[in-house]
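Reading through the structure tokens given below for one structure.
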Amino acid sequence: MVKSEAELFLPNLALPAVGVQLGLESYQFLRRYLMGKKLYVGNLSYSTDDSSLKEAFSEVGQVDSARVITDRDSGRSKGFGFVEMSSDEEAEQAISHFNGKDLDGRNITVAEARPQAPREGGGGGFRRGGGGGGGYRRG
């Protein structure tokens, strides 16, 4: 029995087949399925919050989620967020309706969200261990 692309990939997204090369059609199908409904919204006013973002995008369709990204230390908006629409068609309508338009006094940017790039390294953090350093040594 031959399985369709949806049957092959959707149930096992967490465990992709090893050694299988995806053709262009399969790649586009997966990209559309995974990211097609999620939108990046940039240049947001610092006064825009999750509920006002959701309310605005509800004008063009059903919003599954809306989130303004905030700084973890200060709690202040970083000026961008993400909106997930219930269908690809509604996502396309939202892009054409809102991209470059005014929301809370700012012309916002709306585009299809891209997958987050993998982060490298462990970053800063606290270092343990002795330091010490130079100085004059008597021998």
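The values are calculated or read from the model by the stated rules, or taken from the named source; none is laboratory data. Not measured: the values here are computed from a predicted model. Note: ideal-geometry Cβ built from the backbone for every residue, glycine included; neighbour counts use all protein chains shown.
Give me the pairs, please: first residue somewhere in the stretch 100-113 and free of Cβ contacts under 8 Å to residues at least 40 places away in the same chain, second residue anywhere and not hydrophobic (A, V, I, L, M, F, W, C), beta-carbon distance under 9 Å, and either six or more positions apart or on two chains.
Qualifying pairs under 9 Å: Gly100/Asn107; Gly100/Thr109; Lys101/Asn107.
For the stretch 97-121, how many residues are surrounded by 10 or more Cβ atoms within 10 Å (Cβ to Cβ) and at negative phi?
Matching residues across the stretch 97-121 total 15.
If a residue must be part of a loop (DSSP other than H, G, I, E, B) and modelled with pLDDT of 95 or more, how many such residues does the stretch 76-100 contain?
Keep residues of the stretch 76-100 that are part of a loop (DSSP other than H, G, I, E, B), which gives 76, 86-87, 99-100.
The next check asks that each one be modelled with pLDDT of 95 or more; those that pass are 76, 99-100.
Adding up the residues that qualify gives 3.
Go through the stretch 63-78 and give me each residue that's surrounded by fewer than 17 Cβ atoms within 10 Å (Cβ to Cβ) and either under 13 Å from Asn43 (Cα atoms) or in contact with a strand residue (DSSP E or B) (Cβ under 7 Å, 6 or more places away or on another chain) (or both). Break it down into steps so the answer makes sense when it comes.
Restricting attention to the stretch 63-78, the residues satisfying the condition of being surrounded by fewer than 17 Cβ atoms within 10 Å (Cβ to Cβ) are 64-65, 67, 69-76, 78.
Passing the criteria: Asp64, Ser65, Arg67, Ile69, Thr70, Asp71, Arg76, Lys78.
Quick check on my filter: what residues within the stretch 36-86 are among the aliphatic types (A, V, I, L, M) and within 20 Å of Gln116 (Cα to Cα)? Steps first, please.
Here is the first cut: in the stretch 36-86, the residues among the aliphatic types (A, V, I, L, M) are 39, 41, 44, 53, 56, 60, 63, 66, 68-69, 83, 85.
Those that are among the aliphatic types (A, V, I, L, M) and within 20 Å of Gln116 (Cα to Cα): Leu39, Val41, Leu44, Ala66, Val68, Ile69, Val83, Met85.
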